[in-house]
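J.: Just passing along the structure, written as structure tokens.
Values in this text are rule-based calculations from the coordinates and carry no lab data. Remember, predicted model here, so these are calculated numbers, not experimental data. Don't worry about glycine lacking a Cβ; one is built from the backbone with ideal geometry, like all the others, and counts go over all protein chains shown.
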Amino acid sequence: MTDMDRDRATGKNPPILHPYGSTAKRAPSHRPLAIPRTLTEMTGPLYGHASVDPGEADLTQGHAGEPQGERIILAGRVVDAAGGPVPDTLIELWQTNAAGRYLHAADRHPAPLDPNFTGAGRAVTDGQGQYRFTSIKPGAYPWRNHPNAWRPAHIHLSLFGPSLTTRLVTQMYFPGDPLLAFDPIFNAVPDLAARQRLVAGFDWNLTEPEWALGYRFDVVLGGRRATPMED
Amino acid sequence: MADEGLEPTPDQTVGPFFHYVLTPHAYPVRSLVGNDLTQAGVAGETIRIEGRVLDGDGSLVSDALVEIWQADAAGHYAHPEDRRGTASNAFRGFGRSDTDATGVFRFTTIRPGPVPGPGGGTQAPHIAVTIFARGLLRHLVTRFYFPDEPLNGADPILALVPAERRATLMLRAAGKAHYGIDICLQGDQETVFFDV
């Protein structure tokens with residue numbers, strides 16, 4: 001049994017087919033074929049500190065004025081399955097503005113764009129695997145998956161880690177959001193404890209007085225759990 | 001081992017709105033990774049790959065993201081796990097392309113060399129491919145192989161693929177140094193995806 005099989009069997013990772021409507025014609029019908037991890041899989045793209053301008057981690061800057069909405073600090077630690085830090089790894093992030101609108105040509109939600117907010121960010125973890133963004137709390141928005149469907153506020157995250165096997169694209173949610181119970185994408189992860197790992201924690205110590213609310217979101221990259229099968 | 005250590009953060013779909021950070025060519029955001037992997041000074045044969053992503057109905061998928069990772073012309077990866085020496089300096093081996101309104105993705109790169117395989121063997125030249133899209137709760141992983149490559153017959157990964165499905169991994173020659181391929185997410189011609 002591979003890690004992927006195990007995670008699907010125990011509900012710790014999404015199944016292939018799900019009430020999330022878009023899966024119906026896009027989810028493969030064959031099981032993915034398990035292969036040994038060769039040098040191809042044990043390597044992967046590396047984008048370190050030289051790739052990213054420190055200003056790219058502050059989504060509230062770079063425009064003529066301040067964006068609308070509730071300012072947040074989003075910080076956390078990226079670790080491997082053994083709890084060790086994943087240093088110098090690229091994190092890319094995208095999100096709606098405070099009104100729930102993406103700066104994206106395909107977003108038809110009739111909520112306002114914010115001329116002072118793009119919603120795209122990048123950062124690289126430090127030597128201890130820590131990262132930190134400044135942003136605006138994103139808004140909920142409607143979609144057409146089912147009647148009166150609304151996505152809970154979320155932030156999309158893309159991470160690399162040290163190899164192809166640690167590639168992760170996920171979404172981070174906010175604690176206490178009543179829409180979480182109704183969201184098929186969040187609930188595509190069947191296991192409650194696993195699902196909760198997608199929810200950031202409010203962090204009083206990260207919160208800055210008179211400035212911004214702090215949320216902590218730690219990430220575990222799973223690619224090194226299994227003994228490599230190369231030999 | 002798998003039962004020890006921390007549980008991983010689960011995957012979630014990339015959704016349809018990734019372009020303005022991951023492939024921001026139409027947006028006022030700096031692009032970090034593009035679809036042209038070649039740069040001045042990179043050794044090797046420049047090739048173009050133009051492929052399509054299709055769903056289970058054969059409809060073109062116009063909101064997918066395709067990432068490629070590959071060795072250089074000498075078969076070296078630009079990564080410290082490849083301990084045989086450095087890859088050619090200018091070649092990073094990583095590219096990204098979104099699919100356009102017609103479901104097409106495009107890369108300009110160099111033909112990779114053969115790379116080491118399990119147990120001291122050799123893998124035929126190949127490109128590792130990762131596909132993200134709305135409707136995929138986790139990304140898919142596959143490979144592109146070259147149709148005119150004698151080493152394919154001894155490739156240890158191709159050998160694991162049922163013979164009748166191997167063709168789904170083969171680039172098809174579309175001209176001089178120009179290749180095409182269809183990534184079929186579902187259906188009769190479904191591409192072979194790997195659990196790595």
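J.: Work through the residues other than A:TYR141 whose Cβ is under 12 Å from its Cβ and net out their charges, Lys, Arg +1 and Asp, Glu -1.
T.: Neighbourhood net charge equals +2.
J.: Amide H neighbours of B:ILE183 under 5 Å, counting only residues 5+ apart in sequence or on other chains, H built in-plane at 1.01 Å?
T.: B:ARG52, B:VAL53, B:LEU54
J.: ³J(HN,Hα) across the stretch A:137-145 via Karplus (A = 6.51, B = -1.76, C = 1.60, θ = phi - 60°), whole Hz, x for Gly/Pro?
T.: Here the 3J(HN,Hα) series is 5, x, x, 6, 8, x, 9, 10, 5 Hz.
J.: Continuing with the same structure: Filter the trypsin sites (Lys or Arg not before Pro) in the stretch B:51-155 down to the DSSP loop ones having no more than 10 other Cβ atoms within 10 Å, then list what survives.
T.: Listed in order of number, the matching sites are B:ARG83.
J.: Counting other Cβ atoms within 10 Å, which chymotrypsin sites (Phe, Trp or Tyr not before Pro) in the stretch A:129-231 have at most 16 and lie in a DSSP loop? Intermediate results must be reported in sequence, preceding the final value.
T.: Working: sites: A:TYR131, A:PHE133, A:TRP143, A:TRP150, A:PHE160, A:TYR173, A:PHE182, A:PHE186, A:PHE202, A:TRP204, A:TRP211, A:TYR215, A:PHE217; in loops: A:PHE160, A:TRP204, A:TRP211, A:PHE217.
When the chymotrypsin sites (Phe, Trp or Tyr not before Pro) of the stretch A:129-231 are filtered for loop state and at most 16 Cβ neighbours within 10 Å, A:TRP204, A:TRP211 remain.
J.: Specify whether the C-alpha gyration tensor of chain B places it in the rounded, prolate or oblate class, a ≥ b ≥ c being the square roots of the eigenvalues: rounded for a/c under 1.5, otherwise prolate if a/b is larger than b/c and oblate if not.
T.: Numbers: a/c = 1.22, a/b = 1.16, b/c = 1.05.
Verdict is rounded for chain B.
J.: Given a Förster distance of 56 Å, report the FRET efficiency between A:ASN145 and B:ALA159 from their Cβ-Cβ distance, rounded to the nearest 0.05.
T.: Efficiency for this residue pair is about 0.85.
J.: Nearest 0.05, what FRET efficiency do B:ALA167 and A:ARG108 give at R0 = 41 Å with Cβ-Cβ as r?
T.: FRET efficiency, B:ALA167 to A:ARG108: 0.55.
J.: Expressed in nm to one decimal, what extension gain is obtained for the pair B:ALA177 and B:GLU45 from 0.36 nm per residue of sequence separation less their Cα-Cα distance?
T.: 46.7 nm
J.: When the helices in chain B are scored as -39500 (n - 2.57) per DSSP H run of 4 or longer and the sum is shared across all residues, what 222 nm value do you end up with, to the nearest 500 deg cm²/dmol?
T.: Per the formula, -500 deg cm²/dmol.
J.: Got a sec? Charge dipole of chain B, +1 on Cβ for Lys and Arg, -1 for Asp and Glu; which of B:VAL61, B:PHE105, B:ILE183 is way out at the positive end?
T.: B:PHE105
J.: Under a GNM of chain B (C-alpha, springs under 10 Å), which listed residue has the highest mean-square fluctuation: B:LEU54, B:LEU151, B:LEU185?
T.: B:LEU151
J.: Quick query: amide H of A:GLY214 versus all other amide H atoms, modeled in the peptide plane; which residues come in under 5 Å with a sequence gap of 5 or more or a different chain?
T.: A:ILE73, A:ASP203, A:THR207, A:GLU208
J.: Another question about this same structure. Summing -39500 (n - 2.57) over the DSSP H runs of n ≥ 4 in chain A and dividing by its residue number, what mean residue ellipticity at 222 nm do you reach, to the nearest 500 deg cm²/dmol?
T.: Only helices count here, giving -1500 deg cm²/dmol.
J.: Can you work out ³J(HN,Hα) from phi for every residue in the stretch A:20-29, in order, using Karplus 6.51 cos²θ - 1.76 cosθ + 1.60 and θ = phi - 60°, giving whole Hz and x for Gly and Pro?
T.: Coupling constants for the stretch A:20-29: 4, x, 5, 6, 4, 9, 10, 6, x, 8 Hz.
J.: Taking the Cα centre of the stretch B:33-184 as the origin, how large is its charge dipole in debye, to the nearest 20, when only Lys and Arg (+1) and Asp and Glu (-1) carry charge on their Cβ atoms?
T.: 200 debye
J.: Pairs of Cα atoms under 8 Å, at least six residues apart: use those to get the relative contact order of chain A, whole percent.
T.: 27 percent.
J.: If exposed trypsin sites (Lys or Arg not before Pro) are those in a DSSP loop with at most 14 other Cβ within 10 Å, what is the longest stretch of chain A that has none?
T.: With a cap of 14 other Cβ atoms within 10 Å, the longest stretch comes to A:1-107.
J.: Comparing A:ASN13, A:ASN148, A:ASN97, which has the greatest mean-square fluctuation in the GNM of chain A with Cα pairs linked when under 10 Å apart?
T.: Per the Cα network of chain A with a 10 Å cutoff, A:ASN148 tops the list.
J.: Choose one of B:PRO118, B:GLY95, B:PHE132: the residue whose Cα lies farthest towards the positive end of the charge dipole of the stretch B:33-184 (beta-carbon charges +1 Lys, Arg; -1 Asp, Glu; about the Cα centre).
T.: B:PRO118
J.: Normalised by the residues of the stretch B:90-196, what does the relative contact order come to in percent, with Cα pairs under 8 Å and at least six apart?
T.: Averaging sequence separation for qualifying contacts and normalising by length gives 18 percent for the stretch B:90-196.
J.: Here is a follow-up. Explain nothing, just the number: relative contact order of chain B, from Cα pairs under 8 Å at least 6 residues apart, as a whole percent. Mind showing how you got there, number by number?
T.: On the way: 423 pairs, mean separation 48.0, N = 196.
The value is 24 percent.
J.: Non-local amide H neighbours of B:ALA174 (under 5 Å, H modeled in plane, Pro and chain starts lacking H): which ones?
T.: B:TYR179, B:GLY180
J.: Another one. Can you compute 3J(HN,Hα) from phi for each residue in the stretch A:182-191, using the Karplus curve 6.51 cos²θ - 1.76 cosθ + 1.60 with θ = phi - 60°, rounded to whole Hz and x for Gly and Pro?
T.: Calculated HN-Hα couplings, in order: 9, 8, x, 6, 4, 7, 5, 8, x, 7 Hz.
J.: What's the longest bit of chain B with no exposed GluC sites (Glu not before Pro), using DSSP loop states and at most 14 other Cβ atoms within 10 Å as the test?
T.: Result for the longest clean stretch: B:82-196.
J.: With point charges of +1 on the Cβ of Lys and Arg and -1 on the Cβ of Asp and Glu, referenced to the Cα centre of chain A, which listed residue (A:ASN13, A:GLN68, A:PRO32) lies farthest in the positive direction of the dipole?
T.: Farthest towards the positive pole: A:PRO32.
J.: Picking from A:LEU179, A:LEU93, A:LEU157, which is most flexible by a Gaussian network model of chain A using Cα springs under 10 Å?
T.: A:LEU179
J.: What's the longest piece of chain A with no exposed GluC sites (Glu not before Pro), counting a site as exposed if DSSP puts it in a loop and it has at most 13 other beta carbons within 10 Å?
T.: On the way: sites that count: A:GLU70, A:GLU210.
Value returned for the longest uninterrupted segment is A:71-209.
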